[in-house]
Amino acid sequence: MDDDENKHQTMKLFEAFRRCKRFIALRAIIALSDVCQVPSH
């Protein structure tokens, strides 16, 4: 595996990681808003 191919693989991994991070952040925001909407007694 040459350097260029390795770089491409790293970029793909990085892109997937960013997308995953955004998805997790979105889920966390939704969960937080759900918690905030629950009426506290």
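Where a number appears in this text, it was derived from the coordinates with a stated rule and is not lab data. Small disclaimer: the values here were computed from a predicted structure and weren't measured. Cβ sites come from the backbone with ideal geometry, for glycine too, and all protein chains shown count toward neighbours.
Numbers for the structure displayed
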read-out: Simple spin-label estimate for GLU5 and ILE29 in nanometres, 7 Å along Cα-Cβ; value: 3.9 nm
read-out: Nearest 10 degrees, 0 to 90: helix 3-37 Cα axis against the chain principal axis; value: 0 degrees
read-out: Per-residue [θ]222 nm for the chain (sum of -39500 (n - 2.57) over DSSP H runs n ≥ 4, rounded to 500); value: -31000 deg cm²/dmol
